[in-house]
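Throughout, read-outs are computed from the coordinates displayed, never taken from laboratory work. None of the values given here were measured: they were computed from a predicted structure. Neighbour counts run over all protein chains shown; Cβ positions are idealised from the backbone, glycine included.
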Amino acid sequence: MFEDVQTTFRKLTFGEDAASGARLLVATMGVLLAALTLVFLFMPAYAVPVFVAFAVVTGVGWVTHQATVARLLTLVATVSTVLTVAFITYFLFASAFPAFVEHGRGLLIVPVENGHTRWFFWLDAVFPASESTWNPAADVYSLVPTIWATVIVTIIAGSVAGPLGLFGALFIAEIASDRMRELIKPGVEVLAGIPSIVYGFIGFQVLNGFIQTSFLDDGASFLIAGIVVGVMALPTVVSVAEDALSSVPGSMRDGSIAMGATRWQTMKSISVPAAFSGISAAVILGLGRAIGETMAVAAIMAAGVGLANPLFDVFDASATLTSLIATQYGSASESTLEVLFVAGVLLFAIVATMSVVSRYIEQRMRRKLEGGQ
């Protein structure tokens, strides 16, 4: 088994065959990489000279043994990415662990008003109940209001990004001409490049006044935050859904049209059902961005921690998990900071799960279109 591992490592680093010069080059680059890592961790002041030495050796190797250097660099990049994700995950969970140990179920305190719980899921039978849900001075931390606020904002965002993203993807993939598609698709993707704080500022300035005038409301609310985050998720939904619709074989559309179906009937009965898995993955990825959005929500709704009254009041306001972290960490005590890491763990778990589910749905769609089960 050790020989198999050694052979695999040799193939990954050197390829099928490599000259002695290539082996010496890889060994030198490996030593410099190890030295760079150690120097960066323990003596950062000397990191630049070591990095320059590594860059020079890499440049020389690129000229003399390009294939070997390219193979080694791709291997290093892959391993670095995996290690970075692993370290971030470990640090996040390790930082949140003390809060789990200290507060336990207290992180999910059910709010009480006038001696009665307003929470209709009967969670007060499982979790503690209290009139105070977020009071760092009294060492009371409940993430229930922020979780509920995140749910409301995500539902509103999904209601915006889902239908608009689907119809936009249908237009680009099925209706628009090639020239129009070349103009529209990059334009939609440009939306993803606009900073989230700009979205939040525009949403607060434009939608805030409209809500105050049209609905006689104070303004900043779940509704505004959900609409803005839904618009921010549109590029993801449109792009992934359009790719799914474009992957539907043209013969399926041609057969439908040959049977006398109109273009709309073909889209409704052929394209959308065939690409439904990909469209679902697009919506899930869009919701993943909506859940993880921070600055736009914080700019619109940097409110205190509390439940909406009534619970489904979209014109109420409260901090979400992301905006709680953004607005609290600057002045947080050590205990509060640990609870904020718990909020980060929740977000990490939710978004990671949604990404895995969307990936599974995409693979299932690909197998289906290729004739698999």
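General remarks:
- Average Cα contact separation per residue, the chain, under 8 Å, 6 or more apart, as relative contact order %: 18
- Stretching the chain fully between SER130 and ALA94 yields a gain of 10.2 nm (0.36 nm per residue, less the alpha carbon separation).
- Option label - Rg and Dmax of the Cα atoms in Å computed here, alternatives (i) 21.3, 64; (ii) 20.2, 63; (iii) 26.4, 80: (iii)
- CD proxy at 222 nm, helix term only [per DSSP H run n ≥ 4: -39500 (n - 2.57); per residue of the chain; nearest 500]: -22500 deg cm²/dmol
- A simple spin-label model places the labels of GLN66 and ARG181 3.4 nm from each other, with each point 7 Å out along Cα-to-Cβ.
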